[in-house]
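Remarks on the structure that follows.
The values are calculated or read from the model by the stated rules, or taken from the named source; none is laboratory data. None of the values given here were measured: they were computed from a predicted structure. So basically every Cβ, Gly included, is an ideal-geometry build from the backbone, and we count neighbours across all protein chains shown. Just so you know, the surface numbers come from the protein's heavy atoms only, side chains and all, with ligands and any DNA or RNA stripped out. Shrake-Rupley method; radii C 1.70, N 1.55, O 1.52, S 1.80 Å.
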Amino acid sequence: MITLKQVREDPDFRLMIDKANEYLAAKGYTEHGQRHVNYVAKTTAYLLKTLGYNERTINLGAVAGYLHDIGNMHNRKFHGPTGANIVFFELRRLGITLADITEITTAIANHEEEIGLPVSPISAALILADKSDAHRTRIRRQKAVLDIHDRVNLAITDSSLTVDKQMKTITFDITFDTELCQVMDFFEIYLTRMEMSKEAAELLGCRFR
């Protein structure tokens, strides 16, 4: 079975993540490098583990979280399906079972809000982890040229995603500095992501808050 440690140590995967991050930097997007993918991997695994899924599912979720943005090295548009195709080929090269590969690539292909859907526990956990990574540490540009996405992330001084298994809730907490940006600006750009997160939580048998 493929492990998170194995993909983290694979030089080809690291190179593709770095190239995807470089491309998005050139386009003016927030950070999508090692910090982001490790956060998503860790949080995807945390959600699945806390909700009682088995070790295989937790592990495959962590791998999907780490590899989910590789498609950005080619283009931002449809980077989910593009990345899924790349990961499919690379994992076949490593001799990973087709059953494990399909779980991973389906989640990767469906994490974009424009075209994706939570269709499995792994895809749902990946969506929640990815959409919850909003924080000022992701800003790259100088304050003089910040767009609304940068301003919103800059205003978020702290964020967390927590599961209450007994209450069946998944809660996204953010600390927001309204001196830098208004809360309504957050919903202007993140509303579709929050709606997708709500659907993902429902697939996991929880309510999104």
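Which ones in the range 59-83 are of a type in the set (Ser, Thr, Tyr), open to solvent by 30 Å² or more (accessible area, probe 1.4 Å) and touching a residue at least 24 places away in the same chain (Cβ under 8 Å)?
Within the range 59-83, no residue meets the criteria.
Which residues, taken from the range 84-128, are in contact (Cβ under 8 Å) with a residue 60 or more places away in the chain, assigned to a helix (DSSP H, G or I) and open to solvent by less than 30 Å² (accessible area, probe 1.4 Å)?
ILE86, GLU90, LEU91, ASP100, ILE104, ILE122, SER123, ALA124, ALA125, LEU126, ILE127, LEU128 - these are the residues of the range 84-128 that are in contact (Cβ under 8 Å) with a residue 60 or more places away in the chain, assigned to a helix (DSSP H, G or I) and open to solvent by less than 30 Å² (accessible area, probe 1.4 Å).
Any idea which of (1) touching a Cys at 6+ places or on another chain (Cβ under 9 Å); (2) surrounded by fewer than 13 Cβ atoms within 10 Å (Cβ to Cβ) is the one THR178 doesn't satisfy?
It is condition (1) that THR178 fails.
Search the range 185-202 for residues that are of a type in the set (Ser, Thr, Tyr) and pair each with any residue that is in a helix (DSSP H, G or I) when their beta-carbon atoms are under 6 Å apart and the residues are at least 6 apart or on different chains.
Short answer, once both residue conditions are applied: SER197/LEU128; SER197/LYS131.
Which residue out of SER132, SER120 is more than 14 Å from the chain's Cα centre (by Cα) and hydroxyl-bearing (Ser, Thr, Tyr)?
Only one candidate qualifies: SER120.
Listed here are the residues, each with its yes/no results for (1) modelled with pLDDT under 95; (2) surrounded by fewer than 22 Cβ atoms within 10 Å (Cβ to Cβ); (3) touching a Gly at 6+ places or on another chain (Cβ under 7 Å).
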residue	(1), (2), (3)
ILE2	yes, yes, no
ARG8	no, yes, no
MET16	no, no, no
GLY28	yes, yes, no
THR57	no, yes, no
